[in-house]
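To start, the structure itself, in structure tokens.
The values are calculated or read from the model by the stated rules, or taken from the named source; none is laboratory data. Predicted model, so just to flag it, every value in this text is computed and none were measured. Cβ sites come from the backbone with ideal geometry, for glycine too, and all protein chains shown count toward neighbours. Ligands, DNA and RNA are excluded from the accessible area calculation, which covers all protein heavy atoms including side chains. Shrake-Rupley method; radii C 1.70, N 1.55, O 1.52, S 1.80 Å.
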Amino acid sequence: MPRARTDTRSEIRRVAAELFAAQGFEKTSLREVAERLGITKAALYYHYPSKAELARGIVQPLADDVVALLSSAESTAEVDRRALLESYFDVMAGHREVLWMILRDVSVLADLELFQDMLDWRRRLNLLLIGADATPEQWARATVAVGGLQDCVTNEGDVSVFRTAAVDAAHAALVSGPR
């Protein structure tokens, strides 16, 4: 029976992301991806000539969305911290499967030379939230706020139920003083 007409590249990325998230990047073979899709390995190679290119195809939309969010925020005169945290949560939630894939096997970032890019995103986001003249305490608070917010996206189930609480907690971490 012939396969239903679909966007093959998108379907390959979807299935590969699921397998990478479940098994890790290194432990997943392109043969497994092809078998899950019901296509030949040659057909898979036609769309993605290597496993690294496939992984890049999965991670790149996340990278593009984060860079777009940061660039937009950097172009405004004054940053609304809460709105920025909400937008960041939404971007991360929209790429939840990719986050799982990265957390499962962080080596994929090194293989794609994206590790430094992710560190740069966090630095840029922190600068938007606390400014260039921030104290070490403010940097620590921003790091906890952004990291905690991002981690909430990886919770089991429907992450939208965490959105308000996660943004509130991240915002409180930014603005609260020492106890």
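Select from the range 63-110 the residues that are of a type in the set (Ser, Thr, Tyr) and under 19 Å from residue 149 (Cα atoms) and write down the one among them that is surrounded by the most Cβ atoms within 10 Å (Cβ to Cβ).
Top of the filtered list is 88.
Take the residues of the range 1-54 that are surrounded by 15 or more Cβ atoms within 10 Å (Cβ to Cβ) and more than 22 Å from residue 105 (Cβ to Cβ): which is modelled with the highest pLDDT?
Looking at residues that are surrounded by 15 or more Cβ atoms within 10 Å (Cβ to Cβ) and more than 22 Å from residue 105 (Cβ to Cβ), I get 39.
Going by the conditions given, is residue 151 open to solvent by 60 Å² or more (accessible area, probe 1.4 Å), under 22 Å from residue 23 (Cβ atoms) and modelled with pLDDT of 90 or more?
Taking the combined requirement at face value, the residue satisfies it.
For the range 102-179, which fully contained helices (runs of 4 or more DSSP H) count at least 2 residues that are more than 16 Å from residue 66 (Cβ to Cβ) and not aliphatic (A, V, I, L, M)?
Because the criterion is at least 2 residues that are more than 16 Å from residue 66 (Cβ to Cβ) and not aliphatic (A, V, I, L, M), the helices (runs of 4 or more DSSP H) in the range 102-179 that meet it are 107-111, 136-152, 163-175.
Taking the range 156-170, which residues are open to solvent by less than 40 Å² (accessible area, probe 1.4 Å) and at pLDDT 90 or above?
Within the range 156-170, 166, 167, 170 qualify.
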